[in-house]
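Enquirer: One structure follows; several queries about it will come next.
The values are calculated or read from the model by the stated rules, or taken from the named source; none is laboratory data. A quick note: this is a predicted structure, and the numbers were derived from the prediction, not measured. Here the Cβ is made from the backbone with ideal geometry for all residues, glycine too, and neighbour counts use every protein chain on show. Accessible surface is based on the protein model in full, side chains and every heavy atom, while ligands, DNA and RNA are left aside. Shrake-Rupley method; radii C 1.70, N 1.55, O 1.52, S 1.80 Å.
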Amino acid sequence: MGRPGASTPSDPGAAHTPGEYRLRDDVRLAGSVLVSLRPLTATRLNDSAAAVVRALGGTFRSPAAVARNVGGSADAQDVDADGDTGASVDADDVATLLDGLHDRGYLEWRPVRDPDHRPPVSVVVTVRNDREALAGCLDALAALSYPDYEVLVVDDGSTDGTREAAATHALAAAGRLRVVEVGDPDDPLGIGASRNRGVRAAAHDVVAFTDADCRPRADWLADLVLCLAAHDLVGGRIRPAGEDAASVYEGINSSLDMGPRAARIDPGGEAPYLATANLVGRRAVFEAVPFPDRNVAEDVAVCWGALEAGFDVVYTPRGVVEHDYRSDPAAFTARRATYGASEALLAADGGRGQGGSVPVSTVALSLAVVALVALAAPALSTAAAALVAVPLGLLAAVRGAGLWRRLRRLSPAVGVRDVAESWGRGRLSDVYAVARETTRYYAVGLVLLGGATVAAGVLGEVPGARRVGFGVLTATLVAVALPLAVEYRIHDPDVSLAGYARYYLADHLGYQRGVYRGALAHRTVAHLDPRDRFRLVGPGSRGVRTVSSRLLGWRTGPDASNSAP
């Protein structure tokens, strides 16, 4: 992997980036069985692997420290991610085991941090006609608790006095701020190109990015730069700067906030990219993978390009930047539409979308089909239900018997109550995820479809069409309302339900508007393909996927069902 001072990235096929691990709070080791409660999964370990997990415990530790604790290569057997034994153990073997357990959800990971690594930093802020916001950003940068840094304000043809305000700030008087003028009032250079100009003008080998409407906390650089001793790009958490309804909503649902846990950046994972509102990296990375010449998703392109080039790209919840979110509903909706349109751009650019697919149970899908049949032709509802219930019942019985046998093998580490509670949580989580995905990408289309079907039943007297149309409209309304109710109940935000709902609808409907607008602009619907948005799981899912792939071109993939009992 690339390191400070290196001229080229590492092999893209190299092992996982280094880091420290600890047991997650909901994981326990019962004898030789490692159990995670959310979601419920269990793995039986051999003695050597169990010794490693016991030595790890709930405190972040490096694989080398754990290896030394369990006796190093002289006192323990080799272990891998499945707990198989070999000849001897060392830090690399422990790292392989911990990596595998982390991938299965048992461990929490964080980047390596070297407190002695404090090189000078160039902070780049791109801006256009945002004088008041920039003043607050520069005040925050002036208060950073970091020994050596400069600030470059890249002004892209501002006409509101932004450039003059930056040039007369206290940072400029202290010799720590430079203004880089790019673009013209009538012909701006653009965000991506402006960031590249900032990299080119930077005096130091570490470059940090934030935005004019952001307020880095005092320990921002101190928390992030020390990660660059072992990694190439690092981003910190982005939190709301205000306390109004928009900020409260963003504190729960912002697409810029990657959450409270550190992660390796993975386009299909929980942390798919790093926003340039809070991004620090080696200059060599930005020179090898420059920002594309565009105003949206340029940060996504750099992160994914860096991954493809073999650089380490990691996220940590430390190094917080506070973002001043738009509170005006119209501006809020417009920003969400811009984000949504970027999905089509990314799909057209590289055939990729953000995030993973949402699981859909074959049982739930079958019940939905039966419900539609019952609405369209009530006389056929009993036959349709029987046709679906018999094979699913048999498959469920077979699967249930297998799970029962596994439960008996893992007892008493895993009990019936654990399984029941996990099953309930899992089903509720699945319903929420499907409803939220439907709301974000398909709600408007389903409303139009339902309305047209009702009209066909009323005007064209199509048998059953009116009932089917009202059924689609009702299901869509439930899909939109369910995530709203769940989020408000779980997070208990300090804002009224009406205030929260206002931004919830602005978020999802604005984003959806952008998704479809982007599809038209970039002539692609790849980001709307339900085959990528959803995946079938549960009894019979493999058979359904195989048949669908042959008849409809439905993509196949590994069964996503949990490995838990």
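Enquirer: Starting from the range 25-37, keep only residues that are part of a loop (DSSP other than H, G, I, E, B), then list their pairs with residues that are among the charged types (D, E, K, R) and crowded, with 18+ Cβ neighbours inside 10 Å whose Cβ atoms are within a distance under 9 Å, requiring at least 6 positions of separation or different chains.
Expert: ASP25/GLU108
Enquirer: Name the single residue that is nearest to ARG535 (Cα to Cα) among those in the range 339-388 being polar (S, T, N, Q) and at pLDDT 70 or above.
Expert: By that ranking, first place goes to SER357.
Enquirer: Which one of these does SER411 not meet: (1) over 32 Å from the mean Cα position of the chain (by Cα); (2) polar (S, T, N, Q); (3) at pLDDT below 85; (4) under 30 Å from TYR504 (Cβ atoms)?
Expert: Going through (1) over 32 Å from the mean Cα position of the chain (by Cα); (2) polar (S, T, N, Q); (3) at pLDDT below 85; (4) under 30 Å from TYR504 (Cβ atoms) one by one, SER411 breaks only (4).
Enquirer: So ARG128 ticks every box in (1) at pLDDT 95 or above; (2) under 30 Å from THR43 (Cα atoms) but one. Which box is left unticked?
Expert: Every condition holds for ARG128 apart from (2).
Enquirer: Suppose we keep only residues that are part of a strand (DSSP E or B) and not polar (S, T, N, Q) within the range 38-71. Which one would you say is farthest from SER411 (Cα to Cα)? Talk me through it step by step, then tell me what you get.
Expert: Residues of the range 38-71 that are part of a strand (DSSP E or B), as a first pass: 40-44, 61.
Restricting the remaining residues to those that are not polar (S, T, N, Q) gives 40, 42, 44, 61.
Numbers: LEU40: 14, ALA42: 11, ARG44: 11, ARG61: 30 Å.
Only one residue fits best here, namely ARG61.
Here is a yes/no grid of residues against (1) touching a Leu at 6+ places or on another chain (Cβ under 7 Å); (2) modelled with pLDDT of 90 or more:
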{"residue": "LEU45", "(1), (2)": "yes, yes"}
{"residue": "ALA49", "(1), (2)": "yes, yes"}
{"residue": "VAL53", "(1), (2)": "yes, yes"}
{"residue": "LEU56", "(1), (2)": "yes, yes"}
{"residue": "ARG61", "(1), (2)": "no, yes"}
{"residue": "ARG68", "(1), (2)": "no, no"}
{"residue": "GLY71", "(1), (2)": "no, no"}
{"residue": "ALA74", "(1), (2)": "no, no"}
{"residue": "ASP78", "(1), (2)": "no, no"}
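Enquirer: Moving on to the next point. Could you pull out the residue among GLY471, GLY457 that is modelled with pLDDT under 95, touching a Leu at 6+ places or on another chain (Cβ under 6 Å) and on the phi < 0 side of the Ramachandran plot?
Expert: Matching residue, one of GLY471, GLY457: GLY471.
Enquirer: I'm trying to understand the selection: among the residues of the range 244-255, which are open to solvent by less than 20 Å² (accessible area, probe 1.4 Å) and outside any helix (DSSP H, G or I)?
Expert: The answer is SER254, and nothing else.
Enquirer: Looking only at residues that are touching a residue at least 60 places away in the same chain (Cβ under 8 Å) and not polar (S, T, N, Q) in the range 254-270, which one is farthest from LEU224 (Cα to Cα)? Break it down into steps so the answer makes sense when it comes.
Expert: Within the range 254-270, the first condition is being touching a residue at least 60 places away in the same chain (Cβ under 8 Å), and the residues that meet it are 254-256, 261-264, 267-269.
With the extra rule that they be not polar (S, T, N, Q), the set shrinks to 256, 261-264, 267-269.
Details: LEU256: 17, ARG261: 15, ALA262: 12, ALA263: 14, ARG264: 14, PRO267: 21, GLY268: 24, GLY269: 21 Å.
So the residue we want is GLY268.
Enquirer: Taking only the range 270-287 into account, find how many residues are open to solvent by 30 Å² or more (accessible area, probe 1.4 Å) and at pLDDT below 95. Please lay out each step first, then the result.
Expert: To start, the set of residues in the range 270-287 that are open to solvent by 30 Å² or more (accessible area, probe 1.4 Å) comprises 270, 283-284, 287.
Subsequent filtering for residues that are at pLDDT below 95 retains 270.
Qualifying residue count, the range 270-287: 1.
Enquirer: Considering only the range 222-243, state which residues are of a type in the set (A, V, I, L, M) and open to solvent by 30 Å² or more (accessible area, probe 1.4 Å).
Expert: The answer is ALA229, ALA241.
Enquirer: To continue, here is another question. Determine whether the range 523-537 contains at least one residue that is part of a helix (DSSP H, G or I), open to solvent by 60 Å² or more (accessible area, probe 1.4 Å) and of a type in the set (A, V, I, L, M, F, W, C).
Expert: No - not one qualifying residue is present in the range 523-537.
Enquirer: Residues to consider are PRO240, PRO185; find the one that is out of contact with any Asp or Glu (no Cβ under 8 Å at 6 or more places or on another chain) and farther than 24 Å from ARG283 by Cβ.
Expert: On the way: PRO240 fails: out of contact with any Asp or Glu (no Cβ under 8 Å at 6 or more places or on another chain).
Only one candidate qualifies: PRO185.
Enquirer: Here's a follow-up. Could you please find all residues in the range 256-268 being closer than 15 Å to PRO111 by Cβ and either open to solvent by 20 Å² or more (accessible area, probe 1.4 Å) or over 9 Å from the mean Cα position of the chain (by Cα) (or both)?
Expert: Correct list: MET258, PRO260, ARG261, ALA262, ALA263, ARG264, ASP266.
Enquirer: Also, I was wondering about something else. What number of residues in the range 196-217 are of a type in the set (D, E, K, R) and touching a strand residue (DSSP E or B) at 6+ places or on another chain (Cβ under 6 Å)? If you could, list the steps in order and put the result at the bottom.
Expert: First, pick out the residues of the range 196-217 that are of a type in the set (D, E, K, R): 197, 200, 205, 211, 213, 215, 217.
Still in the list and also touching a strand residue (DSSP E or B) at 6+ places or on another chain (Cβ under 6 Å): 197, 215.
Of the residues in the range 196-217, 2 are of a type in the set (D, E, K, R) and touching a strand residue (DSSP E or B) at 6+ places or on another chain (Cβ under 6 Å).
Enquirer: While we're here: Scan (1) part of a helix (DSSP H, G or I); (2) in contact (Cβ under 8 Å) with a residue 40 or more places away in the chain for the single condition ALA208 breaks and write down its number.
Expert: (1)
Enquirer: Filtering the range 89-104 down to residues that are open to solvent by less than 20 Å² (accessible area, probe 1.4 Å) and touching a residue at least 40 places away in the same chain (Cβ under 8 Å), which residue is farthest from VAL280 (Cα to Cα)?
Expert: VAL89
Enquirer: So, in the range 517-535, of the ones that are among the small types (Gly, Ala, Ser) and under 22 Å from THR333 (Cβ atoms), which residue ends up farthest from the chain's Cα centre (by Cα)?
Expert: That would be ALA521.
Enquirer: Here's a follow-up. At least 3 residues that are in contact (Cβ under 8 Å) with a residue 60 or more places away in the chain and open to solvent by 10 Å² or more (accessible area, probe 1.4 Å) in each: list the strands (runs of 3 or more DSSP E) lying fully within the range 298-377 that qualify. Quick ask: steps written out before the conclusion?
Expert: On the way: elements: 313-315, 321-323, 358-361.
Per the criteria, 358-361.
Enquirer: Just give me the residues in the range 215-238 being charged (D, E, K, R) and over 20 Å from the mean Cα position of the chain (by Cα), in sequence order.
Expert: Taking the range 215-238 and keeping what is charged (D, E, K, R), we get 215, 217, 219, 223, 232, 237.
Correct list: ARG215, ARG217, ASP219, ASP223.
Enquirer: Select, from TYR488, TYR441, TYR500, TYR504, the only residue that is farther than 28 Å from ASP529 by Cβ and surrounded by 19 or more Cβ atoms within 10 Å (Cβ to Cβ).
Expert: Within the list TYR488, TYR441, TYR500, TYR504, the selection yields TYR500.
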